[in-house]
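Read the structure below first, then the notes.
The values are calculated or read from the model by the stated rules, or taken from the named source; none is laboratory data. Small disclaimer: the values here were computed from a predicted structure and weren't measured. For neighbour counting, all protein chains shown are included, and Cβ atoms are generated from backbone atoms with ideal geometry for every residue, glycine included.
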Amino acid sequence: MKASTSQNRRSESGRASFVRFGIGAIAAGLVAGGAMGASQTITLRSGQVGGFPGVAGQPDDIVTFRPGTPGGAPASGSAFGAADFVGANTGGPAHVINPVSVWAPGISDPLARWINWDGYFSNPDGTPGSGNGVAGSVLYAVPFTVTLGSVSSATISIEFAVDDYLGDFLYGGPNPDGLYINGIPTGYSGGNYATPTTHFQNITGMVTPGLNYMYLYQRDAGFGVSGVIFSATIDVVPAPGTLVLLGASGLVATRRRRR
């Protein structure tokens, strides 16, 4: 009987240890799985019409713009402020355009298209235009919605080509940055029209639940045409869910009562 009792105790102890270990592993897995499973990936690309790649002359579904200046000059004589970003949010739609022969014909995302604030589809005399982008420096607004209830981290990866540059940095002006999130400058400028450029950045603290905006400032150098093509991926991770933690503690409590 003693031997049997000892064996039973060892067996019970082993089961208890296994259960404690198993619940701990499940809890950890649920917490990790809850955070990872609820993350959100948002893709933004230029030149979409009705959810599909557009053709030259069609208005972009979501990209709007703040009118800038004639070719060769900065889009603004002062640093962008709230009125500039609101102007881009509420401006007219960008248009899909025909890429110029010296431009990169596309980027690695085959669904993205070149866009411009004015496609130059009609000459002043009414005759058909080239369909290439009119020269000018422009601030583009691209809305996106975070459906999560919280944001613990966020990153952006963007591939683009631009005529001539993102930001004033290379050509001079009060707005050196070419990429903004919700009006916050990211510190990034760069790109060119002949070769696609890829940029990755942590944008935690710039993104919030609900409606957000990515802004691209296309700076023109005054060579007769301008435009931009892009595909961006924004990854957002929420804070670990408290409901998952409560569920795990509930399992532990149930086990204790059964003992």
So is F200 among the aromatic types (F, W, Y), part of a strand (DSSP E or B) and over 25 Å from P67 (Cβ atoms) or not? yes
So in the stretch 135-160, with the set limited to residues that are of a type in the set (S, T, N, Q) and out of contact with any helix residue (DSSP H, G or I) (no Cβ under 9 Å at 6 or more places or on another chain), which one is farthest from L216 (Cα to Cα)? S150
Hey, F85 hits all of (1) modelled with pLDDT of 95 or more; (2) of a type in the set (A, V, I, L, M, F, W, C); (3) over 18 Å from the mean Cα position of the chain (by Cα) but one; which does it fall short on? (3)
State whether one or more residues within the stretch 135-143 are surrounded by fewer than 23 Cβ atoms within 10 Å (Cβ to Cβ), in contact with a strand residue (DSSP E or B) (Cβ under 6 Å, 6 or more places away or on another chain), among the β-branched types (V, I, T) and modelled with pLDDT of 95 or more. yes
Against the conditions (1) more than 23 Å from G47 (Cβ to Cβ); (2) crowded, with 16+ Cβ neighbours inside 10 Å; (3) at pLDDT 95 or above, where does G187 fall short? Just the number, please. (2)
Residue set A104, A83, A88, A73; condition closer than 23 Å to R219 by Cβ and exposed (fewer than 12 other Cβ atoms within 10 Å of the Cβ); output residue A83
Quick one: would you say S78 is of a type in the set (G, A, S) and more than 22 Å from E159 (Cα to Cα)? yes
Filtered residues of the stretch 145-157 (kept if buried (at least 22 other Cβ atoms within 10 Å of the Cβ) and within 30 Å of N132 (Cα to Cα)): I156
In the set V225, V162, the lone residue that is touching a strand residue (DSSP E or B) at 6+ places or on another chain (Cβ under 8 Å), aliphatic (A, V, I, L, M), assigned by TED's automatic domain parsing to the domain that holds V146 and modelled with pLDDT under 95 is V225
Search result, residues across the stretch 75-107 that are in a loop (DSSP other than H, G, I, E, B) and in contact with a strand residue (DSSP E or B) (Cβ under 6 Å, 6 or more places away or on another chain): A75, G91, I97, V100, A104, I107
